[in-house]
Amino acid sequence: MTKNNLHNGIPVSISLDPLLEKENIKAKKTYNKKRSFTIAIIAILIAICVSFIAKLLVYLIDLFTNISFYGKFSIESASPAHNTYGLFVIIVPVIGGLIVGLMAYYGSKAIRGHGIPEAMEQILTNQSKIKPAITYLKPLSAAISIGTGGPFGAEGPIIATGGALGSTIGQLLKITHNERKILLAAGATAGMSAIFGSPVAAILLAIELLLFEFSPRSFIPVALACITGAAGHHLLFEDGVVFPMGIIIETPTNMALVYYSIMGIIIGILSVIVTKVVYAIEDGFEKLPIHWAVWPAIGGLAVGIIGYFAPRTLGVGYNNIIDLISGNLSFNIIVSLCIWKFVSWAISLGSGTSGGTLAPLLTIGGATGALLGTLIIQWFPASGVTIPLAALVGMAAMFAGASRAFLTSIVFALETTGQANALLPLLATCTSSYFLSFFMMDTTIMTEKIARRGVKTPHSYEPDVLEKLNVEDVVKTNSIIISESNTIQEVRNWVSEKNHHQNNYYIVSNNEGAYKGILSALHLYSNKHKPEDTISSLIEQHNNIYIKLDDTLRTAVETMATENIDVLPVTAKESTTIIGTLSYHDIIASYKHGIDEHEKKEPHISLRKNVLKVLKLGKAGKR
């Protein structure tokens, strides 16, 4: 067997056209950019539609509120707290709950719940496919629920509605599953931005709770959608911030930051309790011997009874948040909101009605913060704590602890109030709350429901190991290169003689050294082929599929998946010379690198050796 016909680890120059390769890479990048541009344009159009839907939702809430509590057909802003029904107010939320239950039963069961968890579940399990009916059923059911006194905000329903619209558009168009996920997230967060005028917080919400990634292909469309939603807010709602405080918060002292941090610890514990109570109530409803369509009416009964004694707990309650952070409420009302708003919301949400979590959590957190701030001021007059700032950091900390959307909570508080000096206390309080929540609770108020269904949500945004490592970090350069003109038996004999049984794959070239394909050892020793057949009869891959040393392992995996092969030839960085092979076994082994970074514990500086070295130097100096 001649050296020309059978090669052992000798680099072979393959006949690949470098210019053609560069053109293909350039064309692929251009195509990806065009796709991203197209998805971004679609996201903007969805955001425009969602902005108008957000305004329509607010009109519907006001309409049902006026009809339910004041008996008039009007879309003027109204609060259920000023109704004059007396004991009859108890019946209104019951009727609303009954209607929502019937809509869920005859329309779609998906309208029940928070909004965000349901969107997360569709992203993780159903390729971001949401039933188109949710686009109109969710806002209508939420408007009825809130308009009849439900203690929810408009943000949860509009997030669900925007997500459903984005998903529906994504199902009508010929796009990938990931692009549909981007449109879903763009629609959902555009709705949040349209309601609150908080585009940055909405972008962060998408990253922390919906996209589970941070890349230009997803970030750009979502960011443009959120900016469009914010423009819609200023056009359709108001120009100022959503929650004006009426004062300018001064930069807090270091002592005040200590107290705010302690508040964060307390609120973090409370956020865990709030989450567990909500799902305990939901579990309780599951055990009731009546149909689930009736549960919202039972939840409405609790809302009505509590609303009779504490009218401020009824409805959206954005005015409660403004009053809390402005410091305009008495101690008794603060306590009432802290306790009864929570009880009303927890029972109603646990009953499976159509509602959300953000506004109630902000109200409960703000009331808790104001309550703690009042107590701190009474006990420690020189603390530097103020009630408005205590309420502001309280509402952000409650959301940060319950949802663990850390950055969203901080930026949302800043954007919706315009108080830049609140940044440090917000960081201190939300960090403390997040810390306690992380160690006390495996899931969050957003993920507990889908976790019970066996759906796991990503909880970290670490760099992909495959992105961090290049092919040259794991490539095997001792690959065997054989000629296609040799017979199967000749190669088998040669492998046995040279003891190359440990190789799973062999590179195949022609007599001129041009790359022809990859041959697996399993295929070589298969009984399906005649020993006198040539190696060329075993080769299936005749196209020039390869990767370079400076490519990432992610590129290698994507190439393997696209071409349906489990091994690739590797060429040098600046030439088309084959220098080795890369198999899926090598890529799997690379994950050990990432595991070692988290689990392998070893000191890199030895104190003992350094102390001994210093002592030796000291002794030498004395001599």
Segment 67-94, subset closer than 11 Å to GLY147 by Cβ and touching a residue at least 24 places away in the same chain (Cβ under 8 Å), residue surrounded by the fewest Cβ atoms within 10 Å (Cβ to Cβ): ILE67
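Please go through segment 246-280 and give me each residue that is within 27 Å of THR353 (Cβ to Cβ) and touching a Gly at 6+ places or on another chain (Cβ under 9 Å), ordered by number. Reasoning before the result, please.
Within segment 246-280, the first condition is being within 27 Å of THR353 (Cβ to Cβ), and the residues that meet it are 267, 270-280.
Those that are within 27 Å of THR353 (Cβ to Cβ) and touching a Gly at 6+ places or on another chain (Cβ under 9 Å): ILE267, LEU270, SER271, VAL272, VAL274, THR275, VAL277, VAL278, TYR279, ALA280.
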So which residues in segment 230-268 are surrounded by 14 or more Cβ atoms within 10 Å (Cβ to Cβ) and of a type in the set (Ser, Thr, Tyr)? TYR259, TYR260, SER261
Of all residues in segment 189-222 being of a type in the set (Val, Ile, Thr) and surrounded by fewer than 20 Cβ atoms within 10 Å (Cβ to Cβ), which is modelled with the highest pLDDT? VAL200
Just one of (1) within 16 Å of GLY350 (Cα to Cα); (2) in contact (Cβ under 8 Å) with a residue 12 or more places away in the chain trips up THR313, so point out which. (1)
Could you count how many residues in segment 161-184 are aliphatic (A, V, I, L, M) and without any contact (Cβ under 8 Å) to a residue 60 or more places away in the chain? 2
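Among ALA47, ALA81, which is part of a helix (DSSP H, G or I), within 27 Å of ALA405 (Cα to Cα) and not aromatic (Phe, Trp, Tyr)? Explain how you work it out, then say what you get.
Values: ALA81 fails: within 27 Å of ALA405 (Cα to Cα).
Only one candidate qualifies: ALA47.
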Write out, first by first residue and then by second, each pair whose Cβ atoms fall under 9 Å of each other, whose residues are 6+ apart or on separate chains, and whose first residue, in segment 217-235, is free of Cβ contacts under 8 Å to residues at least 60 places away in the same chain and under 16 Å from ILE158 (Cβ atoms) while the second is of a type in the set (Phe, Trp, Tyr) and assigned to a helix (DSSP H, G or I). ALA230/PHE196
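Here are PHE73, PHE88, PHE69, PHE64: which of them is out of contact with any helix residue (DSSP H, G or I) (no Cβ under 7 Å at 6 or more places or on another chain), over 30 Å from HIS177 (Cβ atoms) and either modelled with pLDDT of 90 or more or not in a helix (DSSP H, G or I) (or both)?
On the way: PHE73 fails: out of contact with any helix residue (DSSP H, G or I) (no Cβ under 7 Å at 6 or more places or on another chain); PHE69 fails: out of contact with any helix residue (DSSP H, G or I) (no Cβ under 7 Å at 6 or more places or on another chain); PHE64 fails: out of contact with any helix residue (DSSP H, G or I) (no Cβ under 7 Å at 6 or more places or on another chain).
Criteria check complete, one pass: PHE88.
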Anything in segment 483-509 that is modelled with pLDDT under 75 and of a type outside the set (Phe, Trp, Tyr)? List them, or say none. LYS498, ASN499, HIS500, HIS501, GLN502, ASN503, ASN504
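For segment 366-382, indicate whether the set of residues that are in contact (Cβ under 8 Å) with a residue 12 or more places away in the chain and over 21 Å from ILE334 (Cα atoms) is non-empty.
Residues of segment 366-382 that are in contact (Cβ under 8 Å) with a residue 12 or more places away in the chain, as a first pass: 366-374, 376, 380, 382.
With the extra rule that they be over 21 Å from ILE334 (Cα atoms), the set shrinks to 382.
Checking segment 366-382: at least one residue is in contact (Cβ under 8 Å) with a residue 12 or more places away in the chain and over 21 Å from ILE334 (Cα atoms).
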Of all helices (runs of 4 or more DSSP H) fully inside segment 357-470, the set with 2 or more residues that are surrounded by 24 or more Cβ atoms within 10 Å (Cβ to Cβ) is 358-379, 387-403, 406-417, 423-440
Does segment 143-150 include one or more residues that are over 22 Å from ALA188 (Cα atoms) and β-branched (Val, Ile, Thr)? yes
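The values are calculated or read from the model by the stated rules, or taken from the named source; none is laboratory data. The structure presented is a predicted model; accordingly, all values stated were derived computationally and were not measured. Quick reminder, even Gly has a Cβ in these numbers, built from the backbone with ideal geometry, and neighbours come from all protein chains shown.
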